[in-house]
1. Can you pull the one-decimal nm distance between simple spin-label points at B:A233 and B:E213, each 7 Å off the Cα toward Cβ?
2. Could you compute how much accessible surface A:Y89 exposes when probed at 1.4 Å, giving the result in Å² to the nearest 10?
3. On full extension of the chain, what length is gained from B:K116 through B:V74, given 0.36 nm per residue of separation minus the C-alpha to C-alpha distance?
4. Which order, highest average first, do A:70-80, B:120-130 follow once you tally other Cβ atoms within 10 Å for each residue and take the mean per peptide?
5. How many angstrom separate the Cα center of the stretch B:137-163 from the Cα center of the stretch B:58-97?
6. May I have the pair-distance distribution P(r) for the stretch B:119-184, computed from all Cα-Cα distances with 10 Å bins from 0 and rounded to whole percent?
7. Please work out, to two decimal places, the log10 of the ratio I(q)/I(0) at q = 0.11, 0.18, 0.21, 0.22 Å⁻¹ from a Debye calculation in which every Cα of the stretch A:116-232 carries one identical scatterer.
8. For A:D124, project a label point 7 Å along Cα to C-beta. Then give me every residue of the stretch A:214-235 with its amide nitrogen under 20 Å of that point.
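The values are calculated or read from the model by the stated rules, or taken from the named source; none is laboratory data. Everything quoted here is computed from the prediction, not taken from an experiment. Here the Cβ positions follow ideal geometry from the backbone for every residue, glycine too, while neighbour counts run over all protein chains shown. All accessible areas refer to the heavy atoms of the entire protein, side chains included, with ligands and DNA or RNA removed. Shrake-Rupley method; radii C 1.70, N 1.55, O 1.52, S 1.80 Å.
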Number of protein chains: 2
Amino acid sequence: MAAMKKSDEPAAERPAKAFSSEVATGSRKENASKQESGAPFRSHRNGTGPRAADRIRASAAELFYREGIRAVGVDEVVDRAGVTKPSLYRSFASKDDLAAAYMRDYEANFWENFEKPGGKSYADPREHVLAYIKVLSARAVATGYRGCGLTNATVEYPARDNPARQVAEAHKKLFRKRLRELAALMGARHPAMLGDALLLLIEGIYVTGQQSEEGPAQSALTVARLLIDAGVAKP
Amino acid sequence: MAAMKKSDEPAAERPAKAFSSEVATGSRKENASKQESGAPFRSHRNGTGPRAADRIRASAAELFYREGIRAVGVDEVVDRAGVTKPSLYRSFASKDDLAAAYMRDYEANFWENFEKPGGKSYADPREHVLAYIKVLSARAVATGYRGCGLTNATVEYPARDNPARQVAEAHKKLFRKRLRELAALMGARHPAMLGDALLLLIEGIYVTGQQSEEGPAQSALTVARLLIDAGVAKP
DNA sequence: TGACAATGTTACTGACCGGTACGTATACAC
DNA sequence: GTGTATACGTACCGGTCAGTAACATTGTCA
C-alpha cells in the first residue's frame, strides 16, 4: 500500500526538456515526440537506457506538469514512457502514489532552481531573491508556462488527505519559512511580513503566468525591489 | 452544439451558502446536506421552487467550487440538484458547457463582491481596493477556503480552447484592466505597474489561501497599503 | 378540454480509467 | 545447463464517465 519509492531524479520545472534521468548507465536522447516509434526502448533491462520506473517518472513529470495530474491517465503515462502498465504498478502503489512521487521530484528540482537561480549562487539574500524572481518572471511570460507544479496540485486536489497534496502543502510551508529566513538575512524590520509579501508575489507570478502571456509578471521584479527596499529601510 | 444558455443567477464566491437562485417564485431553503431526501423537490414545475436548470447551476456552483470541475461528475451534480441527467442536457450542451456557465455565474458574483466589498460602495479607489483585500484576506485564512473559481479553472484546464477557461481568461484580462484603472484613479505614478502589483498580490491570496490556514494572506492588507502608498507618493 | 412545455423514468452506449492475473524473456549463480 | 530471481509484456476486469433514446407524467394556458 504505502510503498513510496525514494526519489533520485528531479522533475522538470521548465516546461520543455523534461527527460533527464541520469540514473542508469546509458544516456539515450529522448526528444519529445508524442509516441517515439523509432529506436524502440529495448525491454528486459539490458544496461542501456533508464529503467522502466525512471522512464515513468520522467513521462509523468512532463505530462502531469503540462496537462495536470487529473487530466492524464496512467495509460498515457506508460505509453509516453514506452513501458506497460504493470511496470508502473510494480514501482508505484497507485496513480496517487505516482503523483506523490512526481511532487517529490518536482520539489527537489524546485529547490535547485530556487537556491541557485540561473545556475548561480548568491551570498546576498536580496540579490538571491531578486535573481530568482527575475528568472521566474521571464519564464512566466513565455508561451506555454504552466506555473508551479506544487501549487497546481493544491488546486487540483483540495482534499487534505491526498498524498500529492500533502507533499505540496509541506513544501509550501517550508518555502514560506525559507523566504522569511531570507527576509531576516536582508535585515528586514518585520521578516515574517516581508517573507509573506514575497511569497504572495511569487505565487501570484506562478498563477497569473499561466493565465495569459503578457501578464502582470512583467512587473514582478520591480514590485519585488519595492517590497524589499520598503521592508529593510530605516524607519 | 454551441447552445450556451444565458446566465441569470450568480454562483457563490464564499464556500458555504451556495444556493440562492432567486429566479423562480419560491424561495425554498436548501441547507447543505449531502443528499437531501426530506422535502423532495416537487417535480414537473408546479410554481414553487427553482427550475431544474437553476437547481443544476446552483448544484454545479457549489460542487465545482469546492471539489474542482474535473473532480465532479455530472451524476453528482444532478443528484445534488435533485433532478435527472436528461434535465441537465436539455439546458446545457455538455459538461464543458455547464462549466462555462458556472464560470459566467461566478464572474457575475465576483464583480458584485469586488465592486461592493462587504456590501458597501466606495468613492475613494484606495479605500475601495483595500476594503476588498481586507474582506478577501479574512476569508482566505478561514477553513475550507478554495480560492477564486476562475483562477482555479485556468489551472484545471490548461488548454486554451476549453470553454470554461476562455471565460476565466477573459475575466482575468478585464480584472487586470479594472485594477489599473483604479490605480490610475488613486493617482499612481505608474498605474499599470501598481495595478499589476495589486493583481499579483490578490492572485497570491487566492492561491495561498487554499494551501493552508494561517497562510501569508494574513499580511496581505499591510502589503497592499505599502504598495499603494509607495506607488502614489510624490517622487 | 386539449395542446404544449417542462420534467421525470428507465435503460442504455461506448469510451476510458485505474488496477491486476498471469505468462514470458533475460541474467546470473552454481 | 538448469534453477531462480528479476524485469517486463499481454490481455483482461469491473467500474465510472459523459451523453442519449424513448416514453411517461404533470401543470399551464388557451
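1. Result for the modelled spin labels: 3.7 nm.
2. Ignoring ligands and nucleic acids, A:Y89 comes out at about 100 Å².
3. Between B:K116 and B:V74, full extension yields 11.8 nm more.
4. Packing proxy ranking, top to bottom: A:70-80, B:120-130.
5. That distance is 18 Å.
6. It works out to 18, 37, 36, 9, in whole percents.
7. -0.37, -0.96, -1.20, -1.25
8. Only A:220-235 pass the distance filter.
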